[in-house]
Amino acid sequence: MPIDPDEYRQQSHEVWERIAANWGEEREFIHSVTAPVNQRMIERLDPKPGDTVLDLAAGTGDTGFLAATIVGEDGRLISTDFALAMVDAARGVSAELGLGNVEHRVLDAERMDLDDSSVDKVLCRFGYMLMADPAVALAETRRVMRDDGRLCFAVWTTPDQNPWAFLPGLVLVERGHLPPPEPGAPGIFAMGDPQRIRELVTGAGLAEPEIEQVEVAWPYADADAHWSLTRKLAGPLADVIDELDEDEREAVRADVRSRIEPLIADGPVTGRVHVVATT
């Protein structure tokens, strides 16, 4: 059954408000894992001193903060998220970093309260794929971006390349606790297909995108660490797991453990990310 976009937006907002504190607690771990993605995004974005950079769905803000150090006192970073709790978390991090050129705003990427052609560069790490209507969000991005501007965003690739995220959801589907994902529905793998990325980007009036892959590595100490972080950071999955009775929850945990343990035994569990740049 197709999702109702408005219902999805409300549920997604509630989830991110609720788990923002968890992302703040695990910020250093997440930042260390995704550092190769953050760095490549900044390289492809190529911010300049004096630029105004917009960071969409910024979460705790780390990718945008890298840009803030480059644009300098004459530039500005607008760090945004649609969840107030996430904006507050990012505000705390920027204060710790001593960044004085950051404006924090609650902002819905699908309905931006920004003027046309008002920013030079736009970042979005792991955001568009989770939005109810990424086509609308990308069109909004094009609207607020200057004609000579640049967008760089990141989305996860396909399930087979990201078992750390795929396996818990697969187990829940196989055991009848989640329906199989609808094609094109928002989710972590919603933009894993490069062709869909191209269609969405060019359909929004942006130039043909340059797409490359970046590998990350999740250094889970053991299967219990993987399970704990999944429940802490993957809000929608955690909600389903929490609703199970104790026996079934332990059965799901054991099933996930049996599949993830061999991968952890071979070393850090890898994942792959599309880094996309366009004008």
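The values are calculated or read from the model by the stated rules, or taken from the named source; none is laboratory data. Model, not experiment: these values are computed from the prediction. Using ideal geometry, Cβ is built from the backbone for each residue, glycine included, and neighbour counts are taken over all protein chains shown. Please note that ligands, DNA and RNA were not included when accessible areas were found on the heavy atoms of the full protein model with its side chains. Shrake-Rupley method; radii C 1.70, N 1.55, O 1.52, S 1.80 Å.
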Sort 172-179, 159-166, 132-139 for me by packing, meaning the mean count of neighbouring Cβ atoms within 10 Å per residue, highest on top. 132-139, 159-166, 172-179
Where does each of 53-63, 197-207 land if you order them by average Cβ count within 10 Å, highest first? 53-63, 197-207
Roughly how tilted is helix 163-174, in degrees to the nearest 10 and between 0 and 90, from the longest Cα axis of the chain? 50
Can you tell me the length gained on complete extension of the stretch residue 207 to residue 73, counting 0.36 nm per residue apart and subtracting the Cα distance? 45.2 nm
Please find the FRET efficiency linking residue 99 to residue 39, where r is the Cβ-Cβ separation and R0 is fixed at 22 Å, and quote it to the nearest 0.05. 0.80
Would you work out the charge dipole size for the range 143-198 about its Cα centre, treating the Cβ of every Lys and Arg as +1 and the Cβ of every Asp and Glu as -1, and quote it to the nearest 20 debye? 200
Any residue on another chain or 5+ positions along whose placed amide H is under 5 Å from the amide H of residue 207 is listed here as 279
Whole-Å distance linking the alpha carbon centroid of the range 140-210 with that of the range 234-278 is 19
Compute, for the chain, the length of the dipole vector about the Cα centre, with Cβ point charges of +1 (Lys, Arg) and -1 (Asp, Glu) only. Units Debye, rounded to 20. 620
Checked against the positive end of the charge dipole of the range 1-111 (+1 on Cβ of Lys and Arg, -1 on Cβ of Asp and Glu, about the Cα centre), the farthest of 75, 34, 56 is 75
Here, residue 270 and residue 199, labelled 7 Å along Cα→Cβ, have an inter-label distance in nm of 2.9
Measuring from label point to label point, each 7 Å out along Cα→Cβ, what is the residue 18 to residue 225 span in nm? 2.7
On C-alpha positions alone, give me the angle between the axis of helix 134-144 and the longest principal axis of the chain, in degrees, nearest 10. 20
Only Lys, Arg, Asp and Glu count, each charged at its Cβ (+1, +1, -1, -1), so figure out the dipole size of the range 19-155 about its Cα centre, rounded to 20 debye. 280
Would you tell me the accessible area of residue 189, worked out with a 1.4 angstrom probe on the heavy atoms of the protein chains, in Å² to the nearest 10? 50
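Can you give the net charge of the other residues whose Cβ lies under 14 Å from the Cβ of residue 194, counting K and R as +1 and D and E as -1?
Local net charge: -2.
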May I ask you to evaluate 6.51 cos²θ - 1.76 cosθ + 1.60, the Karplus curve with θ = phi - 60°, for each residue of the range 263-279 and list the ³J(HN,Hα) values in order in whole Hz, giving x for glycine and proline? 6, 5, 4, 7, x, x, 7, 8, x, 10, 10, 7, 9, 10, 10, 7, 10
Degrees separating the helix 194-203 axis from the principal Cα axis of the chain, which is the longest one: 40
Can you compute the label reach from residue 136? Point 7 Å from Cα along the Cβ direction, backbone N cut-off under 17 Å, restricted to the range 1-17. 2-14
